[in-house]
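Shown next, in structure tokens, is the structure this report addresses.
The values are calculated or read from the model by the stated rules, or taken from the named source; none is laboratory data. This one's a predicted model, so the numbers in the text were calculated from it and none came from an experiment. Here the Cβ positions follow ideal geometry from the backbone for every residue, glycine too, while neighbour counts run over all protein chains shown.
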Protein chains: 2
Amino acid sequence: MDTTSRLIMLLEVVEQGSFSKAAELRNIDRSVISKQIGKLEEELGVRLLNRTTRSFSLTAAGAEMVKKAADLRLLLQDTVQLAENYHQEPRGLLRITASSYIGQHYLMPVINDFQKRFPQVSVEIRMDDRVVDMISEGYDLAFRVGEPRDSSLVARKIARNKMLILATQRFIDTYGEPKTMADLADLPAASYSSSHLRFEAISYIDENGKPQEQPITPVFRSNDAEALMSKVLSHTAFFTAPAFFFADGVDTEQLVPLLTHVNLPDYSAVYAVYPHRDLPVRTRLFLDAARHYIGEHKPRWELNIPGIEQLYQPKAK
Amino acid sequence: MDTTSRLIMLLEVVEQGSFSKAAELRNIDRSVISKQIGKLEEELGVRLLNRTTRSFSLTAAGAEMVKKAADLRLLLQDTVQLAENYHQEPRGLLRITASSYIGQHYLMPVINDFQKRFPQVSVEIRMDDRVVDMISEGYDLAFRVGEPRDSSLVARKIARNKMLILATQRFIDTYGEPKTMADLADLPAASYSSSHLRFEAISYIDENGKPQEQPITPVFRSNDAEALMSKVLSHTAFFTAPAFFFADGVDTEQLVPLLTHVNLPDYSAVYAVYPHRDLPVRTRLFLDAARHYIGEHKPRWELNIPGIEQLYQPKAK
DNA sequence: AAACATTAGTGCCAGAATGGCACCAATAAA
DNA sequence: TTTATTGGTGCCATTCTGGCACTAATGTTT
């Protein structure tokens with residue numbers, strides 16, 4: 001380990017806000033960070049961090065060093081990247097982050113095939129519905145529902161994601177079939193809910209073309225698509241689901257779309273996100289493979305929902 | 001050692017044109033270079049050098065990496081430099097190169113005093129009349145006679161350097177005192193001569209203000225000022241000497257200036273040269289100390305030559 | 001207040017990396 | 001042909017790294 005690496009380590013420490021988190025990020029012991037930062041200070045002959053036993057703050061010198069460290073990291077990444085352009089065959093480590101559902105159902109098949117074709121590429125995929133900072137955590141590629149805000153990243157739309165309102169036939173028999181959006185308010189709903197996002201209403205476009213929100217009554221909440229599906233299949237709730245929940249193998253036979261005449265806007269599309277720079281060969285190839293698998297024009301999940309093209313469309317005049 | 005260091009090592013290898021020279025520059029074994037370049041290639045997954053057993057050439061990838069390595073080195077130097085600005089006391093290694101005479105007579109006293117004041121600063125001085133590439137060899141400061149051409153460096157004039165024509169009284173008694181410049185042609189001369197430079201004529205300004213060259217007849221040539229002086233003090237040659245040859249302790253008593261009415265232009269001044277960027281504290285302080293020692297207005301060597309102000313001046317009208 | 005958890009820092013130690021030496025192979029120079 | 005120089009490799013002592021266990025200090029929770 002030498003000066004540049006130590007500077008980048010300092011940068012990570014500052015980005016993470018603690019020695020421990022930085023160590024976790026690198027999967028190394030905290031003590032290593034402590035020692036290396038110490039060495040860096042000795043090397044530069046300057047105190048970089050004012051430590052209190054449980055936290056730290058940057059000194060003026062430290063702040064300057066962190067800025068330079070960011071430049072160094074960028075330049076170094078750029079250099080390595082440049083070298084990778086000379087690779088004929090992709091190699092190295094591909095780090096992906098995605099929501100669990102996308103990862104399990106749409107990326108794992110791609111990964112399995114990809115690694116057969118390119119055994120030299122290692123893959124690390126973090127499935128987590130929490131959105132992470134790709135840059136500081138070092139991810140090459142993210143798959144997300146909804147366009148991310150971070151402008152230092154490139155977001156590329158992979159596939160549209162229609163919205164569906166579904167229930168089982170037995171549910172309809174039991175509770176009666178809703179005829180209007182308002183009817184949904186009185187029916188038990190299963191609804192996606194995570195620490196960041198809760199579905200408590202359905203967005204739709206009314207007869208006059210105005211966007212509306214129809215509140216629902218969630219009796220079951222989960223962040224797990226399978227759990228929601230299981231609940232619905234027990235005939236005790238309807239649910240509003242984005243189409244990408246219907247991956248291959250999902251039992252859609254029992255499910256009946258409700259209120260199919262209503263105009264539901266597409267839910268946030270599925271995006272691939274990557275840093276704003278030239279992609280290494282492995283990343284570009286993987287992205288292509290994923291796009292191909294999910295479907296260039298018609299998303300793969302729509303294959304499992306017959307007639308989806310006609311559902312929830314704007315009313316033809 | 002990690003990627004950045006290895007890249008910089010590659011850069012040095014390319015700059016030096018060989019593994020061996022690069023190793024010599026760092027005072028490490030050749031094998032280390034060989035191994036580290038190998039690791040770098042493995043790391044980047046790209047062949048950087050096409051080797052023939054006795055030399056090498058850059059691959060396209062290698063050439064790109066070298067460019068990036070130069071950026072990295074610069075940025076890293078800049079970063080370390082920035083840290084040094086926070087030093088209250090100067091520390092670290094100060095690397096100086098100078099001609100032998102300047103080093104021995106005008107820098108050693110400064111260094112000795114400087115290290116008493118700042119014991120934390122190590123000094124390495126290379127005395128060599130050959131001009132070296134400061135950047136690639138890593139020197140902080142050079143002292144040279146004559147303005148260097150390299151525009152990536154800053155040259156700062158330290159002191160003027162008048163020209164003198166001298167001989168001993170016994171020489172004059174033996175050979176007769178020259179009355180005109182032309183008379184010098186027939187007298188035996190001791191003349192500075194190195195692999196790069198030979199004095200074979202004296203430049204002067206004639207009565208009409210035109211620059212002229214008076215050829216001389218060197219019977220003794222050396223690149224060593226003391227040797228030239230010794231020759232002259234044996235009363236068998238006159239010599240044309242820049243004033244900075246007359247350091248403290250040099251026996252000037254026996255020497256008589258000849259043709260003092262002739263207008264001799266100043267010889268190339270003494271310059272301090274340093275890289276075109278902010279100087280570390282130690283370098284700036286040393287430069288100040290050297291300038292102070294040599295003399296801000298009147299060069300130190302002129303103190304040993306009484307009446308020099310009046311010698312070899314343009315003719316007062 | 002007291003117990004607890006989390007933070008940075010340190011000493012110790014096994015394992016990895018470094019760098020020097022000796023030697024080899026190939027090629028250019030003498 | 002001989003010699004010298006260059007890059008490359010295997011071996012080995014030394015150094016460095018990174019993990020573990022433990023300490024000290026400071027918020028947090030009970």
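Considering only residues that are without any contact (Cβ under 8 Å) to a residue 60 or more places away in the chain and under 10 Å from B:Leu11 (Cβ atoms), look in segment B:43-70 and name the one that is nearest to the other protein chains (Cβ to nearest Cβ). Looking at residues that are without any contact (Cβ under 8 Å) to a residue 60 or more places away in the chain and under 10 Å from B:Leu11 (Cβ atoms), I get B:Met65. If you go through segment B:50-70 and keep only what is within 7 Å of DNA strand D (Cβ to nearest atom) and either among the hydrophobic types (A, V, I, L, M, F, W, C) or outside the structural domain of B:Glu12 (by TED's automatic domain parsing) (or both), you end up with just B:Phe56. Of the residues A:Leu233, A:Leu228, the single one that is within 20 Å of A:Asp266 (Cβ to Cβ) and of a type in the set (A, V, I, L, M, F, W, C) is A:Leu228.
Evaluated against (1) at pLDDT 90 or above; (2) surrounded by 16 or more Cβ atoms within 10 Å (Cβ to Cβ); (3) more than 8 Å from chain A (Cβ to nearest Cβ), B:Pro90 falls short on exactly one condition, (1). Applying the condition of being surrounded by 14 or more Cβ atoms within 10 Å (Cβ to Cβ) and hydroxyl-bearing (Ser, Thr, Tyr) to segment A:166-193 and asking which residue is farthest from the chain's Cα centre (by Cα) yields A:Tyr175. Residues in segment A:214-270 that are without any contact (Cβ under 8 Å) to a residue 40 or more places away in the chain, under 21 Å from A:Arg300 (Cβ atoms), hydrophobic (A, V, I, L, M, F, W, C) and part of a loop (DSSP other than H, G, I, E, B): none.
Please give the strands (runs of 3 or more DSSP E) falling wholly within segment B:49-162 in which 3 or more residues are closer than 27 Å to A:Ala69 by Cβ and out of contact with any Ser or Thr (no Cβ under 9 Å at 6 or more places or on another chain). Quick ask: steps written out before the conclusion?
On the way: elements: B:49-52, B:55-58, B:92-98, B:121-127, B:141-145, B:153-161.
Per the criteria, no element qualifies.
Which one is surrounded by the fewest Cβ atoms within 10 Å (Cβ to Cβ), of the residues in segment A:1-33 that are among the charged types (D, E, K, R) and over 18 Å from A:Leu72 (Cβ atoms)? Per the stated criteria, the residue is A:Asp29. Is it fair to say B:Ala60 is more than 27 Å from the chain's Cα centre (by Cα), among the hydrophobic types (A, V, I, L, M, F, W, C) and surrounded by fewer than 18 Cβ atoms within 10 Å (Cβ to Cβ)? Answer is yes for this residue.
On inspection, A:Leu74 fails the criterion of being within 16 Å of DNA strand D (Cβ to nearest atom) and either within 14 Å of another protein chain (Cβ to nearest Cβ) or of a type in the set (A, V, I, L, M, F, W, C) (or both). Any residue at all in segment A:23-37 that is within 14 Å of chain B (Cβ to nearest Cβ), free of Cβ contacts under 8 Å to residues at least 12 places away in the same chain and not β-branched (Val, Ile, Thr)? Scanning segment A:23-37, I find no residue that is within 14 Å of chain B (Cβ to nearest Cβ), free of Cβ contacts under 8 Å to residues at least 12 places away in the same chain and not β-branched (Val, Ile, Thr), so the answer is no. Residues that are hydroxyl-bearing (Ser, Thr, Tyr) and modelled with pLDDT of 85 or more within segment A:195-210 comprise A:Ser203, A:Tyr204, listed in sequence order. Summed over segment B:34-48, residues that are more than 7 Å from DNA strand D (Cβ to nearest atom), buried (at least 17 other Cβ atoms within 10 Å of the Cβ) and either of a type in the set (A, V, I, L, M, F, W, C) or at pLDDT below 90 (or both) total 5. Would a scan of segment A:275-295 turn up a residue that is surrounded by 17 or more Cβ atoms within 10 Å (Cβ to Cβ), assigned by TED's automatic domain parsing to the domain that holds A:Asp128 and part of a strand (DSSP E or B)? Yes, the conditions are met somewhere in segment A:275-295.
So is A:Asp129 surrounded by 15 or more Cβ atoms within 10 Å (Cβ to Cβ), away from every other protein chain (no Cβ under 14 Å) and more than 16 Å from DNA strand D (Cβ to nearest atom) or not? The answer is yes for A:Asp129.
How about segment A:1-33: which of its residues are within 21 Å of B:Asp2 (Cα to Cα), charged (D, E, K, R) and more than 12 Å from DNA strand D (Cβ to nearest atom)? Within segment A:1-33, just A:Glu12 meets the criteria.
If you check A:Gly17 against the conditions, is it small (Gly, Ala, Ser) and touching a residue at least 40 places away in the same chain (Cβ under 8 Å)? No. Among the conditions (1) more than 9 Å from chain B (Cβ to nearest Cβ); (2) away from DNA strand C (no atom under 16 Å from the Cβ); (3) of a type in the set (A, V, I, L, M, F, W, C); (4) closer than 24 Å to B:Glu42 by Cα, A:Met9 misses just one, which is (2).
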